[in-house]
Every structure is written in C-alpha cells, then in structure tokens.
Amino acid sequence: MKKNNALFFAIGLSVLVSNVFGLSFPLKEGRFDIEKDLLLVQMDCKTDVDDIHTAAAFFTLMSHPDFSKINYYPVAGTYGIQEGLYVSPNEVLNLAFGSKWADAHEDADRALKVVLKKAMKTLKSGGDVWIAEAGQSDFTARLVRELQIARPDLNLRERIHVVQHSNWNEEVTSKSSLEFIKATIDYHKIPDGNAVGNGTPGFRTPGYSQWKSEISNSKLRSVWDLAVEIGLKYNGVEGRYNNNAIEENGLDFSDLSEVCWILGLEEIKDTEEFFRRYAY
C-alpha cells in the first residue's frame with residue numbers, strides 16, 4: 001500500500017511540475033518506439049494554409065531535447081482529389097529542415113522513392129512506420145502498395161500505422177485509396193485537432209499571438225515568422241480556403257494533433273500549452 005501511495009504521489013508531482021513550469025516528459029510506452037520507428041508527417045498544403053503552421057509546429061517539437069532522437073521525415077504535397085490551388089511550404093521547410101524533406105507536389109514519383117527507401121530501412125531493422133496524415137491518404141496508398149510488392153512477407157497491418165483526424169481529409173481522399181489503406185494497414189481516426197477538449201490537443205486558435213513572447217531561439221522565431229507571413233499572404237487568396245483563425249491573426253496547426261497522439265502527448269490541451277511546453 002505504501003508503494004502505491006508513493007507511486008501516486010510521484011505521478012501527481014510530475015503533473016503538477018508540468019502544469020506549473022511547462023516541462024515535458026519522456027514518451028509514453030505503447031505507441032511510437034523512439035529507438036526503432038519512423039515518423040512521417042505528410043502535408044497536403046492544398047488549399048488550406050494550416051499546413052504551413054503545422055510545419056513550423058512540427059519543427060518546434062522536433063527541436064525539443066525530448067524528441068531529438070526521433071527518426072522523422074516531412075513530405076509536402078500529399079494531396080488527394082480536392083480542387084484548388086496549392087500553398088507552397090518550401091520556404092518554411094527549407095528553413096526548418098534543410099534538405100530533410102520530400103516534395104511530392106513537384107515530383108511525386110521521386111518523393112515516393114525517397115520515402116519508400118526510408119520505410120524499407122526502418123522495417124528491415126525491426127521498426128514500425130507511423131504516418132501523421134496531415135492531408136489525404138492517396139500518397140500513403142501508393143507507398144503501401146509499393147511495400148506490398150517489396151515486402152510480401154510482412155504483415156503491414158502490424159507495421160504501418162496511419163493517424164487521421166479530419167473528416168474532410170477522408171472525404172477528399174479517393175475512395176479506392178481510403179478503402180485500400182483501411183483494409184490493409186493499421187488505421188486510426190482520432191478526434192479533430194481543430195477543437196479543444198475532445199481527447200486530443202486543439203491547435204486552432206483565432207487571435208493567438210502570445211507565441212511571440214514564448215520563443216527566444218532565433219532560428220525557431222525565424223521559422224514561425226515566415227510561416228505566419230506565408231499563411232497570411234495566401235489565406236483565402238485566389239479561391240483557396242479562407243481559414244478564419246489565421247485571418248484573425250491566430251494560428252492553426254491542427255494537423256499536429258496526430259503527431260501528438262502518436263508520441264503520447266494527447267493530454268496537451270491547446271495552442272497555449274503547446275508553446276508553454278515546447279517553445280524555447
């Protein structure tokens with residue numbers, strides 16, 4: 001009984017310290033294996049500018065010491081069948097990640113080859129592939145079909161995990177692609193990251209500008225300054241989706257809720273808590 005009381009006290013103290021000082025703690029067990037797994041963040045960037053903010057938020061998270069050992073790779077231009085103009089994230093991705101990302105908008109075949117190679121390496125070494133679907137699943141379907149050919153010995157339902165949070169993203173994925181991945185791999189639909197209090201973080205916040213006072217690192221500040229600038233420049237322009245949160249000088253990186261779920265960080269409440277924890 002005394003051991004249990006001590007455990008409960010330690011857990012409570014950890015939560016208290018986290019809430020008061022904005023500290024974070026190691027990954028939870030049971031999902032992403034930081035020693036072996038690969039994290040893909042696939043952004044459609046069409047036609048909502050929210051993925052520009054998502055790229056900056058993902059860079060923020062990956063720059064934090066808690067996640068410095070994660071094997072990750074962003075992919076841009078992984079859109080489905082939706083119409084409308086693309087919002088290029090290239091400037092933000094280049095500034096944040098250098099050459100460590102793939103451009104499926106410019107060359108989908110080349111991007112697929114790069115991602116396939118990384119996935120194959122991870123699977124061969126015993127790791128799993130986790131895909132944060134910050135967009136549609138058509139690119140994922142192409143990847144999975146290639147993996148079926150290359151590794152027919154593998155049970156892909158046990159080794160490939162897709163996380164989706166948006167009904168709209170599913171609706172503008174081609175029907176055949178969505179049905180295929182749901183039938184073939186481990187598919188998770190989580191509560192929408194645009195809302196607060198539904199079991200995942202709510203990262204869509206109109207009028208939120210406090211991030212400016214939370215960030216002191218010059219590189220991180222430059223990435224966010226650029227992301228916000230590009231978001232405002234293209235939001236609602238030439239028929240693109242008009243994101244009200246961004247129009248009201250706020251932030252929308254709702255797709256990062258999937259990354260948080262994969263990493264066991266779904267207890268983060270909202271945008272404010274995210275910056276309090278991980279900005280530096």
When the range 78-95 is examined, which residues are found to be in a loop (DSSP other than H, G, I, E, B) and of a type in the set (D, E, K, R)? Glu83
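One line per residue, one yes/no per condition, for (1) more than 20 Å from the chain's Cα centre (by Cα); (2) surrounded by 22 or more Cβ atoms within 10 Å (Cβ to Cβ); (3) modelled with pLDDT of 95 or more; (4) not in a loop (DSSP other than H, G, I, E, B):
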residue: Gly197; (1), (2), (3), (4): no, no, yes, no
residue: Ser216; (1), (2), (3), (4): yes, no, yes, no
residue: Gly231; (1), (2), (3), (4): no, yes, yes, yes
residue: Ser254; (1), (2), (3), (4): no, yes, yes, no
residue: Ser257; (1), (2), (3), (4): no, yes, yes, yes
Could you list, in sequence order, the residues of the range 72-87 that are touching a helix residue (DSSP H, G or I) at 6+ places or on another chain (Cβ under 8 Å) and farther than 19 Å from Lys113 by Cα? Ile81, Gly84, Leu85, Val87
I'd like the full set of residues that are β-branched (Val, Ile, Thr) and either at pLDDT below 95 or touching a helix residue (DSSP H, G or I) at 6+ places or on another chain (Cβ under 8 Å) (or both), limited to the range 111-142. Val115, Val129, Ile131, Thr140
Working only within the range 74-111, note down all residues that are surrounded by fewer than 18 Cβ atoms within 10 Å (Cβ to Cβ) and either among the aromatic types (Phe, Trp, Tyr) or touching a Leu at 6+ places or on another chain (Cβ under 7 Å) (or both). Tyr86, Glu91, Leu95, Phe97
Within the group Thr173, Thr184, which residue is under 15 Å from Gln42 (Cα atoms) and polar (S, T, N, Q)? Thr173
Return the only residue of Arg221, Arg157, Arg142 being in a helix (DSSP H, G or I) and under 20 Å from Met62 (Cβ atoms). Arg221
Determine which member of the set Tyr208, Tyr187 is closer than 15 Å to Ala132 by Cα and among the aromatic types (Phe, Trp, Tyr). Tyr187
Subset of the range 167-186 (residues that are without any contact (Cβ under 8 Å) to a residue 60 or more places away in the chain, outside any helix (DSSP H, G or I), crowded, with 20+ Cβ neighbours inside 10 Å and out of contact with any Leu (no Cβ under 6 Å at 6 or more places or on another chain)): none
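The values are calculated or read from the model by the stated rules, or taken from the named source; none is laboratory data. All values derive from a computational prediction rather than experimental measurement. Positions of Cβ are generated from backbone atoms using ideal geometry, with glycine treated the same way; all protein chains shown enter the neighbour counts.
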